[in-house]
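To start, the structure under review is shown below, and the notes come after it.
Each reported figure results from applying straightforward, stated rules to the coordinates on display, with no laboratory input. Note that this is a predicted model, so its numbers are computed, not measured. Cβ: placed from backbone, ideal geometry, glycine included. Neighbour counts: every protein chain shown.
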Amino acid sequence: MSGRRKSQRSSTLKRDHEEPIIITDSPTASPAKRQRNESKIPKTTLTISAAAMTTNVPDAVIRVYQQMLPNNSEGIAFLFGSRFSDALRVPAERVAIQYHVTKDDAIEELRRLLVIKAFTADEDATKISPTPLMDELWHAAILDTRLYADLQDALGVVLHHRPSGASEQETELRAKRLTAMKAMYSAFFSTDPLDYTPPPPSRPQLTGHPRNPITIFVMTPAGKTLSMTVDKRTTIDKVESALQRSEGIPVIEQRLLFNGNRLWDGNTLEDNNVDDEDTLELRVAQNGC
């Protein structure tokens with residue numbers, strides 16, 4: 001899987017044989033003439049070139065962003081600037097572990113979602129929907145309220161986020177929006193969004209041996225289904241500890257839910273009416289808000 005994903009990304013980001021977008025001074029021009037020439041170059045063009053060189057982004061990819069936002073060099077420069085990537089570094093590391101991608105690839109997936117949303121003017125989130133990977137980082141960007149405000153100012157568009165609906169109709173509409181996003185992604189970037197195919201269900205191990213074992217399932221944010229053998233009197237914190245050993249998600253960031261209700265440390269599965277073959281939902285909390 002990792003080899004296919006790497007080749008998928010490298011085929012997209014491979015530099016072509018055209019000259020790179022780099023602005024340099026003419027060695028034969030006088031200082032005064034160079035200053036006059038540079039004054040004719042839009043400041044935003046210089047900013048994009050600097051951002052591209054800083055992030056090692058291939059010129060072909062920069063040109064795709066310029067095609068989608070032809071009159072918004074400031075927005076493109078913001079997406080490739082250090083302010084954007086540095087703010088998402090920590091959540092991107094977590095997403096990279098969950099979805100088996102690199103940190104830089106995770107951030108690039110969010111960039112592509114945002115440029116598609118700006119291109120379609122999807123202010124009310126009624127046209128396209130993100131992949132789970134994109135959604136994880138989008139949540140992190142939204143929770144950094146100052147970053148998200150500056151991002152929307154740079155893109156010149158307000159991007160509302162719609163919480164996932166529970167109705168059958170909303171699920172169907174979201175599937176259609178996701179299909180639309182993937183089609184636009186493929187059309188502009190000549191590849192598919194990074195996806196994650198979960199492995200067969202794994203079994204996090206609890207310490208000790210349950211006296212009256214039952215099997216429960218845990219759905220993770222990455223779409224994995226985990227199977228656990230536990231005792232009905234097993235406490236929630238012990239389940240979280242087993243999940244940390246299995247998935248690498250710190251206990252402090254875990255939020256376990258059953259039938260929409262939060263399961264709190266100290267209580268047992270039996271206290272929360274969790275029975276054999278029931279399914280829990282694992283969410284990852286975003287710190288700092």
Note to self: Quick one: 3J(HN,Hα) in Hz for the stretch 220-233, Karplus 6.51/-1.76/1.60 with θ = phi - 60°, rounded, Gly and Pro as x.
What the structure shows: 8, x, 7, x, 7, 10, 9, 10, 10, 9, 9, 9, 4, 8
Checklist line | Dipole axis of the stretch 213-284 (+1 Lys, Arg; -1 Asp, Glu on Cβ), positive-most option in F217, V284, T234 | finding: V284
Item checked: For K232, distant residues with modelled amide H under 5 Å away -> N212, I214
Item checked: Spatially proximal aspartates and glutamates relative to K232 (Cα-Cα < 18 Å; intrachain offsets below 8 disregarded) -> E240, D265, E270, D271, D275, D276, E277, D278, E281
Next item on the list: Pull out a ≥ b ≥ c, the square roots of the eigenvalues of the alpha-carbon gyration tensor of the stretch 213-284, then state rounded if a/c is under 1.5, prolate if not and a/b is larger than b/c, and oblate in the remaining case.
Entry: rounded
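What does the charge dipole of the stretch 213-284 about its Cα centre add up to, to the nearest 20 debye, if the Cβ of each Lys and Arg holds +1 and the Cβ of each Asp and Glu holds -1? Don't jump to the answer; show the numbers that get you there.
Working: 8 positive and 13 negative charges, 48 e Å.
Roughly 220 debye, rounded to the nearest 20.
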